[in-house]
Structure formats: structure tokens, C-alpha cells
Amino acid sequence: MARAHINAIGAATPPHDVHAAFCDFFGHALPDPKARGLFARMAKRSGIDHRYSYFAPVWRGGRAVGDEDGFYLPGLPRSTAERMQKFETFAPTLAAEAISALPIEDERERITHLVVASCTGFVAPGLDQLIVAALGLNPGVERTVVGFMGCYAAVSALRLAHHFVRSEPEARVLVVNLELCTLHFQLGGDLQQILSMLLFADGCTAALVTADERGIALVDFRAGAIADTADAITWRIGDQGFDMHLSGEVPWRIARALAAERERNDRSGLLRGTPVDDIGVWAVHAGGRTILDAVETGFDLAPSALAASRGVLRDFGNMSSATLMFILHRLLHGLGPLVPAANGFAVAFGPGLAAETFRFEVLG
């Protein structure tokens, strides 16, 4: 049976680095001085230096006062419809940039399947159809959309590509993960909500998955869920955008669950009986500094094991489903500790509270 391989990954972000502006703008929006101080400390400890958006920050007198479009202004809440109009404008452009970063000019006529994952916007004709039209792909390409799954949708999208290639060895699958999280920032004085927004950013990746034996070989996939955590991460559609809830319990629950996985480590578990020390490359969704700390603690990893994940968090923030693909991009293109012939393990967490994982092999 054919085995699927990630042959190449292209990545793209919007043009504006908004992290410093966000911290200034939303930090000063908190009415309580104690809350402002706590936010400032948490921002410094976040492990994030840069996040990107299509909203260009405006500074006056050393203070961030909004964006050039006037989309985020105090006292002017934006409807979900307005946010979706922005998604329809920005998403095709960003997808085209990520796809252009792939060396597939000679491949376009050969693409047989398109998988698009996003949880931050909806439009019809869909982003998948817009991509087909923009790239001039065969209009008969098989299209699949993975919608509203959250951060672990990257794994679900790759799993689909994995199955396509295994069942059709000639398949050439284009996998696009696109998230515009900054469309859903909420103006208000709630500290917990602002701390959740502190993590998120925009980004897109495009990956070519085929049976060609180069790049990263996908071995197998497995999902798991932590009992009694259905409310730990939620993502609901509201009248003024999509509303994120991220419980402060998430990191310790992940750490505890992974420690139990490491201790039992039988063939039915997430690690499939593989000793942690036998895993040479880790690709862990950079959901936040505390999430990466939880994985490091739960699996008892060396601090260097998650260097690629921490690097993506630092340079881009949490881009929901695109984040794990940015980490694989960093590994695949020599920007991280990729060891030829090493066994790899990837994991992402999201609503449920659930984990989606896959094992991979690095080809020499």
C-alpha cells in the first residue's frame, strides 16, 4: 500500500505585525489597574514576540489607537457579517501567497485533491472553490473542506490526504490551512478574554502530499479525548464575531493526561507503545507557552525537544489550525532540529478537550 508524504510546505502571513500594538491597545483598555498590571506581566511571559494581521496598527503619541481601516474602535462593535466580509476579502489572497510559496508550478495540472481547513470564516462559493479558480486547477478536482474544528484541524486535514494517497497512489493532494483569528478580537474589559486573544494571529500554509518518497512520511494517526473537559475550550458563533473560551485549566489537564499516557504507554495509547526517548523529532501545536510547558512536563521531554514549536510561537503566535503546519514547515525546510531517519510525533489540542496525533518519519 502506498504511503503518503508531505513533499513541501509553503507558508504565508499578512503584512502587519500587530503584537506590540495589541498589547498596548488592549492593555490600556482594561479599566482596573490591577488587571492592567497582570495583563502586562502575562504578555511579557507569553513567549510571543510577533503576530500578524491584515489590520495595520495606528500609533499616536506612542500609543496604539486602532487600525487604519477603523475596524477596531472603542464603542463600535463589529457584527459577524462584517467580519465574514473581511474573511471573503482577505482569505483568497493569503491562500494564494502560501500556495505560491510551494514549488508546484509544474504540478498544478496534476493536483487531484484539494483539502481546505479553516475555523475562522465561512463563504460560499467556498474558499476551496475560490482557490481552484485562482490557481486554474482542474474544476473537477476533488474538494473537501474541514470546518470549525479549531487548532487540531491541521491533523484532520493531513489525515484525509493520507487516506487519499493510500487509496489512490497517483493522488496529488494540496492541503491548505488558513486562519484569520484577528477578525474575531472583541473590544471589552474582560481580562480572561483579552488574555485568550493575546495568543492568536493569522496565517496560512499550503502542503503538497503525494506518494513520492521525499520529505516527511506520514505513518499513522490517532485521536484521544480527556474526560469531563467539554467546556475547557469552546468556539461559538456570536452576533459580534466568533467567541473563544479558553479555560485556565487546560494546561494542567493536558500535563496530567500526557503523564498518564507516558506511564501506561501501551499499543492502544497515543504513543502506541513507543518509548518517549525513541522519538527524535517533536511537532507540538504551539497553543501557548503554558501548553508547550504542559507537553514538556507530561512527556518528560528535554527543553530542546520543543524548540521548533517555541520558535513558531515566538515568531507568529497561535494561528489555530495553521500553527502545526508552520512547525512542520520549519522542520522540513531546515529551520529546526530535523534529524534524517528520525521517528517523529505530532500532536495538536482543541475543543473536546481532545488531542489529534500522528507519527511520521523524516526521510534522509
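Miscellaneous remarks
- Global form of the range 248-364, assessed from the alpha-carbon gyration tensor, a/c cut-off 1.5: oblate
- The charge dipole of the range 234-285, taken about its Cα centre with unit charges on the Cβ atoms of Lys, Arg (+1), Asp and Glu (-1) only, comes to about 140 debye.
- Gyration tensor (alpha-carbon) shape descriptor, the range 56-168, a/c threshold 1.5: prolate
- Of the beta bridges in the chain, as assigned by DSSP with both residues counted there, near 75 percent are antiparallel.
- Computed [θ] at 222 nm, deg cm²/dmol, the chain (DSSP H ≥ 4; -39,500 (n - 2.57); rounded to nearest 500): -10500 deg cm²/dmol
- The fraction of accessible area contributed by carbon and sulfur in the range 1-157 is 54 percent, rounded to a whole number (1.4 Å probe; ligands and nucleic acids excluded).
- Cα gyration tensor shape for the chain, rounded if a/c is under 1.5, else prolate or oblate: oblate
- Scanning residues 5 or more positions from Gly241 or on other chains, those with amide H under 5 Å from its amide H are Thr80, with H placed 1.01 Å from N in the peptide plane.
- Residue-normalised accessible area of the chain, given per residue in Å² at a 1.4 Å probe: 41 Å²
- Here the contact order of the chain, divided by its residue count and restricted to Cα pairs under 8 Å and six or more residues apart, works out to 24 percent.
- Here is the list for the range 184-277: GluC sites (Glu not before Pro) lying in DSSP coil, each with at most 11 other C-beta atoms within 10 angstrom of its C-beta, are Glu213.
- Dipole magnitude for the chain: computed about the Cα centre from +1 point charges on Lys and Arg Cβ and -1 point charges on Asp and Glu Cβ, it is near 640 debye.
- Hz values of 3J(HN,Hα) by residue in the range 58-71 - Karplus curve (6.51, -1.76, 1.60), Gly and Pro given as x: 10, 10, 9, x, x, 10, 6, 10, x, 10, 4, 7, x, 6
The values are calculated or read from the model by the stated rules, or taken from the named source; none is laboratory data. Fair warning: this is a prediction, and the values are worked out from it, not measured in the lab. Virtual Cβ from ideal backbone geometry, glycine too; neighbours counted across all protein chains shown. All accessible areas refer to the heavy atoms of the entire protein, side chains included, with ligands and DNA or RNA removed. Shrake-Rupley method; radii C 1.70, N 1.55, O 1.52, S 1.80 Å.
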